1. How do the helices (runs of 4 or more DSSP H) wholly within segment 1-113 filter down when requiring 3 or more residues that are at pLDDT below 80: which remain?
2. Consider GLY309 carefully, then state whether it is closer than 25 Å to GLY35 by Cβ, surrounded by fewer than 19 Cβ atoms within 10 Å (Cβ to Cβ), in contact (Cβ under 8 Å) with a residue 12 or more places away in the chain and in contact with a Leu (Cβ under 8 Å, 6 or more places away or on another chain).
3. Scan segment 407-449 for residues that are touching a helix residue (DSSP H, G or I) at 6+ places or on another chain (Cβ under 8 Å), aliphatic (A, V, I, L, M) and part of a helix (DSSP H, G or I) and report the count.
4. Has segment 393-416 got any residue that is within 18 Å of ALA343 (Cβ to Cβ) and of a type in the set (A, V, I, L, M, F, W, C)?
5. Looking at VAL291, VAL232, which one is farther than 30 Å from PRO363 by Cβ and either aliphatic (A, V, I, L, M) or touching a Phe, Trp or Tyr at 6+ places or on another chain (Cβ under 8 Å) (or both)?
6. In this structure, is THR476 buried (at least 17 other Cβ atoms within 10 Å of the Cβ), within 27 Å of ARG522 (Cβ to Cβ), at pLDDT 80 or above and among the hydroxyl-bearing types (Ser, Thr, Tyr)?
Amino acid sequence: MTLRPRATLGRVLDDLGSTLLEVVAGRVEPGRSVGGVVIHDPLDPPSMPADALVLGVGLASSDEIADVVRAVAAEGAVGLVVRVPVDIDEDVRRAVADEGLALFGLTRGASWAQVAALLRSLLALDDLGGVDDQTLAGAGAGDLFALAGAVSALLDAPLTIEDLNSRVIAFSADQDRADEGRKETVLGRQVPERYLRELERQGAFRALYASDRPVYLPEIEGTGLPRVAIRVRAGDEILGSMWAAVKEPLSAEREQAFVDAAKLVALHMLRHRAGADVERRLRAELVATVVEGGPAAGDAASRLGLAGGPACVLALAVPGEAEPSSVEADLQRVAGAFALHLAAVHPRSAVALVGGVVYGVIPLAGDGPDADLRAVAVAEEFLSRIGARSRVVVGIGGVAAGPAGLPQSRADADRAVRVLRTRPAGARVARLTDVQISAFLLELGSAMAAEQRVPSGPVARLAAYDRRHRAQMVPTLRAWLDAFGDVTAAAAATHVHVNTFRYRLRRVGEIGGLDLADPDARFAAMLELRLRTMVDHPTA
């Protein structure tokens, strides 16, 4: 058994070089490890893992670039990526040389978000026990980029591997030989809509998925080169397709090599999919172990990179009024989106769907009284990004000094979420400290409902009188309390004359045995009203 190759600068350049990245200054050490990808933010410096590759979004002037080179190198970064064209002067070159850091240029048209996601997918280890002793045709099992490069060499043509939705999941590194349509596809990680419409008009997909042989497409409007494509199938399941940009039809030998390669790619895609499923399950189990606590929590936190420093738990949930299948699908989408969002702002964060709730664990800079305000800002930014597509609420637990405190932080986040789910409108993010009294009342009401206890007292006597006489004593008391004793406002809210309301209020005191001038009695009545509602309509 051999260890899976480490993520290195050489691998990054092999997979993305000439298509997305170029070296603009410094010397690249191919064997130098890359420990993660972070986005530079001068206003809120990110938590930087060792040997990080830093994305310098918005850096343009040479002074800025030189300053950032020195700053990130001091944190142990191995490279900085900036958008081309880039202003390289002597100060930048000297900073790069002094710090031993490589400066890369990102091609125009590539989205920073896409590049960040692509780099993280390239650098991520396939966590299946920590080792990977299986290879397919010399490429690590599931390493689709390596295989795309191998097939490209066989065909002498730039190649993409795409799923059934025409999303690019891997590509060869020689896309500079392709046309502008292919470059646009690779940069966007998706075949543009206009090309898809043209392919559908030609019946290309129908021919592609109906045959085991390559399909030659000599003319696609908007592209300069013909395409040859073949489906990728495993048994009866079509997994996707491979597309090569060629100058002429393949020879018989290369066509057969393409057919054989499609079978090999199918095995890689199955392994890639299985590895992703196993990794998601493993990560969910680790997150569940951390937030639930127990003897294995410390080890799980270490494997997630959360062993040191303060952290807190965020709980995300959606209302459960819809069909369970719809709620589950919504939660899956939320979990994926939240994981991507946190990966950009907190590389050491962990996200998983556990028991119908999406939990995120994020590290914090300190454990002071307002340390969790950073978590509030992260949650609010995420909700603003997903907009109104999902009715998501976020509860934020207290700050835990270490892994041992994360179960309590999770419990706090759950209590805050429960309060938010009972409020049809209003705030969508809350710390437990913001809603602690409401959480206590919910728990008290649930306990009484579970024990089938009905609150007894003045309100109970008024409710019994209302049932017998079809009266309005309880609504009268509630309106008066809600109006802080303002009879005029309470009468307007119940749509009765002020004198009628005063008469009813007097009867409330007589029937319920309630001294409305006593503040303790008023508080008890308000509490009884709230608990009666919770017992009659318990919340989840």
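The values are calculated or read from the model by the stated rules, or taken from the named source; none is laboratory data. All of these numbers come straight from a predicted model, not from anything done at the bench. For neighbour counting, all protein chains shown are included, and Cβ atoms are generated from backbone atoms with ideal geometry for every residue, glycine included.
1. Values: elements: 9-16, 62-74, 90-99.
Once the helices (runs of 4 or more DSSP H) in segment 1-113 are filtered for at least 3 residues that are at pLDDT below 80, what remains is 9-16.
2. Details: closer than 25 Å to GLY35 by Cβ: yes; surrounded by fewer than 19 Cβ atoms within 10 Å (Cβ to Cβ): yes; in contact (Cβ under 8 Å) with a residue 12 or more places away in the chain: yes; in contact with a Leu (Cβ under 8 Å, 6 or more places away or on another chain): yes.
Spelling it out, GLY309 is indeed closer than 25 Å to GLY35 by Cβ, surrounded by fewer than 19 Cβ atoms within 10 Å (Cβ to Cβ), in contact (Cβ under 8 Å) with a residue 12 or more places away in the chain and in contact with a Leu (Cβ under 8 Å, 6 or more places away or on another chain).
3. 10
4. At the first step, the residues of segment 393-416 found to be within 18 Å of ALA343 (Cβ to Cβ) are 394.
Checking which are of a type in the set (A, V, I, L, M, F, W, C) leaves us with 394.
Looking for residues that are within 18 Å of ALA343 (Cβ to Cβ) and of a type in the set (A, V, I, L, M, F, W, C), one finds at least one in segment 393-416, hence yes.
5. Numbers: VAL291 fails: farther than 30 Å from PRO363 by Cβ.
Checking each option against the conditions leaves just VAL232.
6. Numbers: buried (at least 17 other Cβ atoms within 10 Å of the Cβ): yes; within 27 Å of ARG522 (Cβ to Cβ): yes; at pLDDT 80 or above: yes; among the hydroxyl-bearing types (Ser, Thr, Tyr): yes.
The answer is yes for THR476.
Conditions (1) hydrophobic (A, V, I, L, M, F, W, C); (2) free of Cβ contacts under 8 Å to residues at least 60 places away in the same chain, marked per residue:
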| position | (1), (2) |
| --- | --- |
| GLY405 | no, yes |
| ALA411 | yes, yes |
| ARG418 | no, no |
| ASP434 | no, yes |
| PHE440 | yes, yes |
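Residue-wise test of (1) assigned to a helix (DSSP H, G or I); (2) of a type outside the set (A, V, I, L, M, F, W, C); (3) at pLDDT below 75.
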residue: GLY320; (1), (2), (3): no, yes, yes
residue: VAL334; (1), (2), (3): yes, no, no
residue: ALA337; (1), (2), (3): yes, no, no
residue: LEU353; (1), (2), (3): no, no, no
residue: GLY360; (1), (2), (3): no, yes, no
